[in-house]
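Visitor: Once you've had a glance at the structure underneath, I'll fire off some questions.
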Protein chains: 2
Amino acid sequence: MRHKQVNLSKNQQIVLETIRKAKKPLKAYSILSSVKKKGINAPPQVYRALEKLVELGVIHKIESKNAFVDCKNSECETSKATAFSICKKCQKITEIMNSKLSTYLTNFQDNTGMKYEKYNLEFYGLCKRCKL
Amino acid sequence: MRHKQVNLSKNQQIVLETIRKAKKPLKAYSILSSVKKKGINAPPQVYRALEKLVELGVIHKIESKNAFVDCKNSECETSKATAFSICKKCQKITEIMNSKLSTYLTNFQDNTGMKYEKYNLEFYGLCKRCKL
DNA sequence: TAACGCTTGTTATAATATAACATTATAACA
DNA sequence: TGTTATAATGTTATATTATAACAAGCGTTA
């Protein structure tokens, strides 16, 4: 498995490392405060790194949370097909990797004549533990 | 297509009317400036109305745009199952009403043991006109 | 070298959203 | 009707999320 990390700039690497170390999705300003000690001082530096990392598909943005997680799917080349489950109680977020689902959605066509290039799906509910 | 009949408060009605008149998704502060002449002066008034309307399922939030559209689906009782197509070029947003899709997603199960109560799906691409 | 593209650093500000609190309206019902 | 509970309102202030704008550095390559 090859890592695109090789091609990342310094700030991009720092931000990615921070996200990878986290057990949960991180928000931009939380990342910012984590990386201040590494010389990243201002929001644009974080947001620029995030934008690039999302573009590369190595992280994903959870739109309904304004938070970022690293992509656990090693085959994920870009961020064009993403699905997450979000626990309403503990906020745990998991990337759903289900080939039937992704095939279904990637091939989905409706009658509007639109050509879909990308999708993002977010499921909400209670995770196994919080159901108890 | 019939709109849903619901008992709404004054501010909720004003906000809903504004969204219904719009041809495209509206952002909260854009709504705010539209309704200033009707006596709504501050963000919380708009956000509270929006929150309630979303809860009732008469409008939906497009998470990736921080914008709100009215629900065109007269059978949509709550905001538990939503799907949209978003044109990357003209920003046109359409609610997807496809029973096969909603059945598929509503019944979707993965192996995490999570029980899904709600989902939101956003497709991105080029609409018919922008493809030309 | 010069021109270019990309990343960086920096300050300032825009855009989105909520906290907190006081007040008023409405609904439910004894 | 009066009483209570709940929902909605109005208001100020502030928190949170994100981008604009500009200057400068660095490596590539023409």
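Visitor: In peptide B:106-115, what is the residue-averaged number of other protein chain Cβ atoms found within 10 Å of each Cβ? Present the calculation step by step, with values, prior to reporting the outcome.
Guide: Values: counts 0, 0, 9, 1, 9, 2, 9, 5, 15, 8.
For peptide B:106-115, the averaged partner shielding equals 6.
Visitor: Please state the charge dipole magnitude for segment A:4-70, taken about the Cα centre, from unit charges on C-beta atoms (+1 on K and R, -1 on D and E), reported in debye and rounded to the nearest 20. Walk me through the intermediate numbers first.
Guide: Working: 14 positive and 5 negative charges, 59 e Å.
Once rounded to the nearest 20, the dipole reads 280 debye.
Visitor: Another question, if that's okay. Using modelled backbone amide H atoms (1.01 Å from N, in-plane), which distant-in-sequence or interchain residues come within less than 5 Å of B:Ile59's amide H?
Guide: Here B:Val54, B:Cys71 satisfy the definition.
Visitor: Between copies, how far does the label point of A:Ala42 sit from its twins, in nm, shortest first, when each point is 7 Å from Cα along Cα→Cβ?
Guide: Computed spacing set for this position: 3.3 nm.
Visitor: Here's something else I'd like to know. Please compute the alpha carbon radius of gyration of the protein assembly as shown, then divide it by the globular-protein estimate 2.2 N^0.38 Å. Two decimals is fine. Spell out each step's value before the answer.
Guide: Working: Rg = 19.7 Å, N = 264, 2.2 N^0.38 = 18.3 Å.
Ratio of Cα Rg to 2.2 N^0.38 Å: 1.07.
Visitor: Quick one: dipole size for segment B:81-131, taken about the Cα centre, charges +1 on Lys/Arg Cβ and -1 on Asp/Glu Cβ, in debye to the nearest 20. Spell out each step's value before the answer.
Guide: Numbers: 9 positive and 4 negative charges, 91 e Å.
Result for segment B:81-131 is approximately 440 debye, rounded to the nearest 20.
Visitor: Please report the Cα spread of segment B:81-131 along all three principal axes, rounded to whole Å, starting with the longest.
Guide: So the extents along the principal axes, rounded to whole Å, are 41, 20, 14.
Visitor: What order do you get for A:95-101, B:84-90 when each peptide is scored by the mean count of other beta carbon atoms within 10 Å, highest first? Working shown, then result.
Guide: Working: A:95-101: 13.9, B:84-90: 17.6.
With the highest mean Cβ count within 10 Å placed first, the list reads B:84-90, A:95-101.
Visitor: While we're here: Filter the cross-link list A:Lys61/B:Lys128; B:Lys23/B:Lys128; A:Lys89/B:Lys115 down to pairs whose alpha-carbon distance in this structure exceeds 22 Å. Walk me through the intermediate numbers first.
Guide: On the way: A:Lys61/B:Lys128 27 Å; B:Lys23/B:Lys128 17 Å; A:Lys89/B:Lys115 12 Å.
Long pairs (Cα-Cα over 22 Å): A:Lys61/B:Lys128.
Visitor: If you average over every viewing direction, what projected area does the convex hull of the Cα atoms of segment B:10-70 give, in nm²? All intermediate terms of the calculation are to be shown ahead of the outcome.
Guide: Values: hull surface 14.2 nm².
For the Cα atoms of segment B:10-70, the hull's average projected area reads 3.6 nm².
Visitor: Say each of A:Lys131 and B:Glu51 gets a label point 7 Å from the Cα, pointing the same way as Cα to Cβ; how far apart are those two points in nm?
Guide: 2.9 nm
Visitor: Sorting B:Asp110, A:Asp70 on the 10 Å Cβ count, fewest up front, what's the list?
Guide: On the way: B:Asp110 16, A:Asp70 19.
Least to most surrounded, the residues fall as B:Asp110, A:Asp70.
Visitor: Determine Rg/Rh for chain B; Rg is computed over alpha-carbon atoms and Rh is the Kirkwood hydrodynamic estimate from the same atoms. Don't jump to the answer; show the numbers that get you there.
Guide: Numbers: Rg = 15.9 Å, Rh = 15.9 Å.
Taking Rh as the inverse mean 1/r over Cα pairs, Rg/Rh reads 1.00.
Bear in mind these aren't lab numbers, they're just calculated from the coordinates by the rules spelled out. For clarity, every value in this text was computed on a predicted model and none was experimentally measured. Heads up, the Cβs are rebuilt from the backbone with ideal geometry, glycines too, and the neighbour counts pull from every protein chain shown.
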